[in-house]
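**Student:** First, the structure itself, so that you have it in front of you.
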Amino acid sequence: MATKEQGTNGSGNGGKPAGQVLQAERRDFVDLVPENRERVQPMRGFDPIYTDIVDYIIRCTHRIWDERDVGLIYSHYTHDCVVYSALGTTYTREEVVQNTIQRMFMLPERRGMATQVIWNGNEDDGFYTSHLVTGTGRHTQPGIYGRPTGRTFVARTIADCMVYENKIYREWLVVDTMAQVKQIGLDPQAFAENLARSYFEKGLLAVDMGENRRLIGQYPPESEPDLEIANTDLERQVLQWLHEIHNRRMFGKIRDVYAPTVQYHGPLMKELYGHGAVTHQTVGLWASIPDGFFMPQHICSVPCEEGGTKVAIRWVIEGHHLGWGVLEELGAPTGKRVQVMGMTHLHIRDGRIVDDWTNYDEMSILMQVKLAQMADRPVITDD
């Protein structure tokens, strides 16, 4: 992956200003997949149609999903690509092809619109992209969502991809399945039960390994975060903010690092405003998983044409369902171990966060609880 120097602020583009690479926020789609545009950054091995890494991720997504050229997956993914999603992991390109066809059939009217792409990297080390998509559609065909309801939905997805010479070789995918399920009128409990049963019948049981090591014995949490994944001073500062808020539970820090007029774009398509809303959502997540450990896994950033900087963080929470909080579908505390895969995009301007897009899938968490409960049930024999 990109070195720290070459991956800084989207500057790994052969010395050309990062502003020459497309940004999604203020452009119409036709400007994001330009014709007759010269390539603006070195991209050895990439198809000639792509002019920069943002063009690549937006255009190839559109070609595969909207233009229905599913076979492009064979030239845009490695044969052994690993795709980590909140509802499971796949290990082959052929699974990507099959899953794409199934979902395309079930939701033929779905359109995924690029909200923003935050990236770093270069042609030598490879590129990393964090692609925030707003998906709209209607449930018109049978599939994993059951019989079609005809109802519409809007839900956010964030896909993080590692790309080398035109091929994605690793991907992390957070789809807000709970938002889709609720909007099209399905029973979230029954849907999670069915998902869990498919894992249970394969012998894939939930494992509770005990404590997550946020606290070592009777010591308090570490006062400083691990900053090795950061590339810039701002990224290091963001990791320090997140550690203080999430692992040290210093929720008052939100007033310092978020603008008073911050807009929070959360799971279940929540659109909230101000310090109080961000604090409530943050406290509510930890109320549901009060022993949770927040672990950032990747961070990158790009200068923003709207002013300031956009920062993308991929993270995981490990903990147990020990309380009541914003994860409402989990109901009464079950004590079951859960893992939350999440991604956050931040817009930072004048030293404060003015927009926060946070995405995780409550359906994945509910499914994990159901699976653990299935594993607890006694096996009934004929003896």
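The values are calculated or read from the model by the stated rules, or taken from the named source; none is laboratory data. These figures come from a predicted structure and were not determined experimentally. Neighbour counts run over all protein chains shown; Cβ positions are idealised from the backbone, glycine included.
**Student:** Please count how many residues of the stretch 24-66 are of a type in the set (Asp, Glu) and touching a residue at least 24 places away in the same chain (Cβ under 8 Å).
**Tutor:** Total satisfying the criteria: 5.
**Student:** Got a number for residues in the stretch 245-271 being part of a strand (DSSP E or B) and farther than 21 Å from VAL175 by Cβ?
**Tutor:** Adding up the residues that qualify gives 6.
**Student:** Sticking with this structure for a sec: Go through (1) buried (at least 21 other Cβ atoms within 10 Å of the Cβ); (2) modelled with pLDDT of 95 or more for ALA206 and report which single condition fails.
**Tutor:** In the conditions (1) buried (at least 21 other Cβ atoms within 10 Å of the Cβ); (2) modelled with pLDDT of 95 or more, ALA206 misses (2) alone.
**Student:** Might you let me know whether the stretch 312-320 holds any residue that is in a loop (DSSP other than H, G, I, E, B) and either touching a Leu at 6+ places or on another chain (Cβ under 8 Å) or within 26 Å of GLU201 (Cβ to Cβ) (or both)?
**Tutor:** Scanning the stretch 312-320 turns up no residue that is in a loop (DSSP other than H, G, I, E, B) and either touching a Leu at 6+ places or on another chain (Cβ under 8 Å) or within 26 Å of GLU201 (Cβ to Cβ) (or both).
**Student:** Taking the stretch 67-123, which residues are among the β-branched types (Val, Ile, Thr) and either free of Cβ contacts under 8 Å to residues at least 24 places away in the same chain or in a loop (DSSP other than H, G, I, E, B) (or both)?
**Tutor:** Listed by number, the residues that qualify are THR89, THR90, THR92, VAL96.
**Student:** Shifting gears a bit: Of all residues being in contact (Cβ under 8 Å) with a residue 40 or more places away in the chain and in contact with an Asp or Glu (Cβ under 9 Å, 6 or more places away or on another chain) in the stretch 211-232, which is farthest from PHE293 (Cα to Cα)? Just the residue, please.
**Tutor:** So the residue we want is ASN231.
**Student:** Quick check on this structure: which one of VAL117, VAL181, VAL154 is in contact with a helix residue (DSSP H, G or I) (Cβ under 7 Å, 6 or more places away or on another chain), modelled with pLDDT of 95 or more, surrounded by fewer than 19 Cβ atoms within 10 Å (Cβ to Cβ) and among the β-branched types (Val, Ile, Thr)? It would help to see each step written out before you state the result.
**Tutor:** Values: VAL117 fails: surrounded by fewer than 19 Cβ atoms within 10 Å (Cβ to Cβ); VAL181 fails: surrounded by fewer than 19 Cβ atoms within 10 Å (Cβ to Cβ).
Among VAL117, VAL181, VAL154, only VAL154 is in contact with a helix residue (DSSP H, G or I) (Cβ under 7 Å, 6 or more places away or on another chain), modelled with pLDDT of 95 or more, surrounded by fewer than 19 Cβ atoms within 10 Å (Cβ to Cβ) and among the β-branched types (Val, Ile, Thr).
**Student:** Filter the stretch 224-242 down to the residues that are out of contact with any Ser or Thr (no Cβ under 9 Å at 6 or more places or on another chain) and within 19 Å of ASP355 (Cα to Cα) and list them by number.
**Tutor:** Within the stretch 224-242, ARG236, GLN237, LEU239, GLN240, TRP241 qualify.
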